[in-house]
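**Student:** Dumping the structure here so I can ask a few things about it.
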Amino acid sequence: MKRSAINDIIREADAFIRSFGYIMPPFAYWSPEEMKARQVDSSAIFTSRLGWDITDYGQEKFDELGLFLFTVRNGRYEDMKKGMGMLYAEKIMISRKDQLSPMHRHNIKAEDIINRGGGKLVLELFMHDRDGGIDPKAEVSVPVDGTIHRLPAGGLLKLDPGQSVTLLPGVWHAFWAEGKDVLIGEVSTVNDDLTDNVFREPIGRFSNIDEDVAPVHLLVADYEKWLG
């Protein structure tokens, strides 16, 4: 992706998020220079990988295959191992109309996916087999706001604004917005996008960036390169 396109997506996403009354935390608007200056007193932002995240999964077709995310808070796996501390994470995301977030699962993370507004959020769901792959026959059983919904393998679950689904580790899922763009909330156990995403297809989690202009704000994928 070109950096100029990423800058535009950030501006558009910020306006879309604000249109639903959701206000981003102040660090969302720090410049790259301020990020560098705040590395010591705000180190948790970088170690927990909080911030802007825009991906086309390395496929260079963001409008068809992509997702906007912003990680607002995130704990540490070390705390999960101890069973105490900050064991949770929160994201705000945008799925554009008919934009696919591809089929994947998580080994560790349990998550609530919440339609915060816009169109319908459609999820294609499969259970996992004994080897962790997709089970093409098993019935899918997931809680939607506390009520169990049962679907055939590959069934489509459609969430209206205000509805949410709980996905436990191992449940395969892909999703997209139907009708119009959707603002998505995610509340989960600790999130690790570096190691805890298993995709059905051999694709990447992060984008390859063409630095045609300077970044307005850094992405979480920029932190190591830009901040050291």
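**Student:** Quick test of your reading of the structure: Glu12 fulfils all but one of (1) over 20 Å from Gly185 (Cβ atoms); (2) surrounded by fewer than 18 Cβ atoms within 10 Å (Cβ to Cβ); (3) acidic (Asp, Glu). Name the failing condition by number.
**Tutor:** Exception for Glu12: condition (1).
**Student:** Residues of the range 112-161 being in contact (Cβ under 8 Å) with a residue 60 or more places away in the chain, assigned to a strand (DSSP E or B) and over 23 Å from Lys91 (Cβ atoms), which ones? Even if it seems obvious, please write down each step before you answer.
**Tutor:** Taking the range 112-161 as the starting set, the residues that turn out to be in contact (Cβ under 8 Å) with a residue 60 or more places away in the chain are 112-121, 132, 134.
Right, trim to assigned to a strand (DSSP E or B) and you get 112-121, 134.
Once the filter is applied, which keeps residues that are in contact (Cβ under 8 Å) with a residue 60 or more places away in the chain, assigned to a strand (DSSP E or B) and over 23 Å from Lys91 (Cβ atoms), the range 112-161 yields only Ile134.
**Student:** Within the range 145-155, take every residue that is surrounded by 14 or more Cβ atoms within 10 Å (Cβ to Cβ) and within 22 Å of the chain's Cα centre (by Cα) and give me the one that is farthest from Gly170 (Cα to Cα).
**Tutor:** Gly155
**Student:** While we're looking at this one, here's another question. Mind checking whether some residue in the range 192-206 is out of contact with any Gly (no Cβ under 7 Å at 6 or more places or on another chain) and of a type in the set (Ser, Thr, Tyr)?
**Tutor:** yes
**Student:** Would you say Asp8 is among the charged types (D, E, K, R) and assigned to a helix (DSSP H, G or I)?
**Tutor:** Details: among the charged types (D, E, K, R): yes; assigned to a helix (DSSP H, G or I): yes.
Criteria met by Asp8.
**Student:** Looking at the range 188-228 only, could you name the residues that are assigned to a helix (DSSP H, G or I) and crowded, with 17+ Cβ neighbours inside 10 Å? Outline the logic, then answer.
**Tutor:** Applying the first criterion (assigned to a helix (DSSP H, G or I)) to the range 188-228 yields 220-227.
Scanning the range 188-228 gives Val220, Ala221, Asp222, Tyr223.
Read-outs throughout are calculated quantities, based only on the coordinates presented, and are distinct from any laboratory measurement. Quick caveat: nothing in here was measured; it's all calculated off a predicted structure. Virtual Cβ from ideal backbone geometry, glycine too; neighbours counted across all protein chains shown.
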